[in-house]
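Written below as structure tokens is the structure these notes are about.
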Amino acid sequence: MAVKTPRVKTVCVKCGEFDVALNFKKGVKITRLKVAKSGEISVSLPFYAAQKYALEFVQKNYDWLKSAHEKTLSNLPREDEFRLLGEVYRIKFEPNLKGVNLRRFAGDSEIFNGLNLSSDGLDPHLYGAKFDGEFSAIKFNAQPNEAKFASADERKFDGEIYAASLAALENYKKAFARRIYGHFIAKFAPTVNRKINRVVVRKMTTRWGSCNSRKGYINLSLNLIEKAPELVEYVVLHELTHLIYPHHQKSFYDFIAALMPDFRSREKRLNKK
């Protein structure tokens, strides 16, 4: 019995200062060099292409690769950073602290204005969509004399977030995401007028969200909560619109444009590295 040739063959190589994954794929006709949001570098190329050709391709685009990689790494959160709704908070651990305390400057930011951050008043079965987990209201401690926290390495922070552990921070992030996503779902659900049977917030590596229009399921990326509120709002509307239009044809975008005329600029900002 003949052995089937695999559709993908991956070889990891060193090219200059970079580790590069060469993905030889059947059906691929064009060679592409990619820097993932995590900083990982890969090349997709035809299955029977020579490895020498792949290395030459990387070398030819080395200047672009170096620039794109540096830019991507600069956008990655550091170990002492916590990102929320487009702002950056310095993490402070207090082992005896119960819950999470977010301390931010109210002077120059209005990102939380109009958002329902109360722990009550929102049906956990919002429009038929079940949200699991609890959320405790944020404690805001305004510091009127300054707009930013500064660090020793000249980074700028919008505030500090206090928690007992990384696990507590992760739980807080999930609960906060559910609260914010629920806020925007509640905003658009009456206009979309389709039943939402389930909303799942989970880690997603290649998408900000997805929709199963037949089952009425909405999936939203946990890391989307790191983006500015107007970008979160766009993704929620985008996925809800798929409940009506399960495609990306003109009618789909016309519906979004009627509710959000600037959606193209938001989409561009969302996907900008």
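The values are calculated or read from the model by the stated rules, or taken from the named source; none is laboratory data. Everything quoted here is computed from the prediction, not taken from an experiment. Cβ coordinates were reconstructed from backbone atoms using ideal geometry, including for glycine residues, and neighbour counts include every protein chain displayed. With ligands, DNA and RNA removed, areas are computed over all heavy atoms of the protein, side chains included. Shrake-Rupley method; radii C 1.70, N 1.55, O 1.52, S 1.80 Å.
Over 18 Å apart at the Cα level, from the set LYS14/LYS52; LYS92/LYS173; LYS14/LYS66; LYS34/LYS250, are LYS34/LYS250. Relative contact order of segment 18-78, taken over Cα pairs closer than 8 Å and 6 or more residues apart, is 33 percent.
Extension gain for the segment CYS12 to SER213, taken as residue separation times 0.36 nm less the Cα-Cα distance, is 68.5 nm to one decimal.
Using 0.36 nm per residue and subtracting the Cα-Cα separation, the extra length available between SER251 and ASN197 on full extension is 17.1 nm. With a cut-off of 10 Å between beta carbons, the residues surrounding LEU270 carry a summed charge of +3, where Lys and Arg count +1 and Asp and Glu -1.
Over segment 145-273, with every protein chain in place, what whole percent of the accessible area is carbon and sulfur at 1.4 Å, could you tell me? Solvent-exposed carbon and sulfur of segment 145-273 make up 47 percent of the total.
Per-residue 3J(HN,Hα) values for segment 216-229, derived from phi via the Karplus relation 6.51 cos²θ - 1.76 cosθ + 1.60 with θ = phi - 60°, read x, 9, 10, 10, 10, 5, 4, 6, 4, 5, 6, 7, 4, x Hz in sequence order (x marks Gly and Pro). Put simply, the amide H of CYS15, placed in the peptide plane, has neighbours under 5 Å in VAL20, leaving out anything fewer than 5 places away on its chain. Each part gets one Cα centre, and for segment 155-204 versus segment 13-48 those centres are 33 Å apart. When peptides 213-220, 262-269 are sorted by average Cβ neighbour count within 10 Å, with the highest value leading, the order is 213-220, 262-269.
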